[in-house]
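The values are calculated or read from the model by the stated rules, or taken from the named source; none is laboratory data. This is a predicted model, so every value here is computed, not measured. Cβ coordinates were reconstructed from backbone atoms using ideal geometry, including for glycine residues, and neighbour counts include every protein chain displayed. Quick note on the areas: whole protein, heavy atoms, side chains included, nothing else; ligands and nucleic acids left out. Shrake-Rupley method; radii C 1.70, N 1.55, O 1.52, S 1.80 Å.
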Amino acid sequence: MTSTTAFTPIGPNGERIYYVAEDPHAHHGDGHAHGYAHSPNNTTGLGFWVYLMTDCLIFAILFAMYAILGRNYAAGPSPADLFELPLILVNTFMLLFSSITFGFAMLQSYKGNVKGTINWLLVTAAFGLAFLAIELYEFHHLIHVGATPYRSAFLSSFFTLVGTHGLHVTFGIIWLLTLVFQLRKHGLIEANNRRLMCLSMFWHFLDLIWICVFSFVYLMGVLG
């Protein structure tokens, strides 16, 4: 509720000017609601950061496992015998390019360009699929020559680490294609912008993890 007029000064033309003083407690409920007006966005962002931190912990455990077991070849092949660095380098560029194209998608979303956002997301998905195709080819080749996960502790930890990253990329592509469908249907609404931002963080996170995999597993394995 509001109080009565506090004072009534006279304007330049002789008219009365009224000021209404509001009861500071009149809209207490509304003020409470306004204080949490952006809570869905804040909660989503915080929750997704927590998820990324748990993913960091998972990959840290897998890297630690590889560091411990990566030299146990059980009289089997070593990384230098199995890994083809030129092919892995091409695969690395596929994921790096996908991260760049995702950045272009984000720029288009800031401009409100739905079509441009969708097109760059599809290019990102194409690079992601190319990355997965090369990784599946590598796995198939290793298994074909007898380098299965059961052959040695090194291969078990290798397939677990690289395969877990590949599963994350797969889920990321599914998420990306789902978001494309939502953008075509609803456009760049607030919810889709929020989803786009979360997916962007996830995709760049996978890019960073792969750089660590490439350096720690492949480069150090072949050259170290």
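Evaluating V114 against the criteria (1) at pLDDT 95 or above; (2) under 23 Å from E135 (Cβ atoms); (3) open to solvent by 40 Å² or more (accessible area, probe 1.4 Å) leaves one unmet condition, (2).
Hey, does segment 122-142 have a residue that's among the β-branched types (V, I, T), farther than 30 Å from A75 by Cα and modelled with pLDDT of 95 or more? Explain how you work it out, then say what you get.
Within segment 122-142, the subset among the β-branched types (V, I, T) is 123-124, 134.
Keeping just the survivors that are farther than 30 Å from A75 by Cα gives 123-124.
Add one more test, that the residue is modelled with pLDDT of 95 or more, and what stays is 123-124.
The answer is yes; a qualifying residue exists.
The set of residues from segment 97-110 being open to solvent by 60 Å² or more (accessible area, probe 1.4 Å) and small (G, A, S) is empty. Among the residues of segment 46-74, the one identified as of a type in the set (S, T, N, Q) and free of Cβ contacts under 8 Å to residues at least 24 places away in the same chain is T54. From the set of residues in segment 152-184 that are closer than 14 Å to I118 by Cα and in contact (Cβ under 8 Å) with a residue 40 or more places away in the chain, which is most open to solvent (accessible area, probe 1.4 Å)? By that ranking, first place goes to R184. The residues of segment 53-76 that are outside any helix (DSSP H, G or I) and under 12 Å from F158 (Cβ atoms), listed by number, are G70, R71, N72, Y73, G76. Evaluate segment 33-40: report whether one residue or more is modelled with pLDDT under 50, over 33 Å from the mean Cα position of the chain (by Cα) and surrounded by fewer than 11 Cβ atoms within 10 Å (Cβ to Cβ). There is no residue in segment 33-40 that is modelled with pLDDT under 50, over 33 Å from the mean Cα position of the chain (by Cα) and surrounded by fewer than 11 Cβ atoms within 10 Å (Cβ to Cβ).
Could you say whether any residue in segment 76-96 is loosely packed, with under 15 Cβ neighbours inside 10 Å, farther than 21 Å from I209 by Cβ and in contact (Cβ under 8 Å) with a residue 60 or more places away in the chain? Looking through segment 76-96, at least one residue is loosely packed, with under 15 Cβ neighbours inside 10 Å, farther than 21 Å from I209 by Cβ and in contact (Cβ under 8 Å) with a residue 60 or more places away in the chain.
Checked against (1) within 21 Å of Y66 (Cα to Cα); (2) surrounded by fewer than 19 Cβ atoms within 10 Å (Cβ to Cβ), A191 passes all but condition (1). Hey, can you tell me all the residues within segment 129-151 that are touching a residue at least 60 places away in the same chain (Cβ under 8 Å) and open to solvent by less than 10 Å² (accessible area, probe 1.4 Å)? Once the filter is applied, which keeps residues that are touching a residue at least 60 places away in the same chain (Cβ under 8 Å) and open to solvent by less than 10 Å² (accessible area, probe 1.4 Å), segment 129-151 yields L142, A147. Residues of segment 41-52 that are open to solvent by 70 Å² or more (accessible area, probe 1.4 Å) and either under 11 Å from F154 (Cα atoms) or modelled with pLDDT of 80 or more (or both): T43, L46, W49, V50, Y51.
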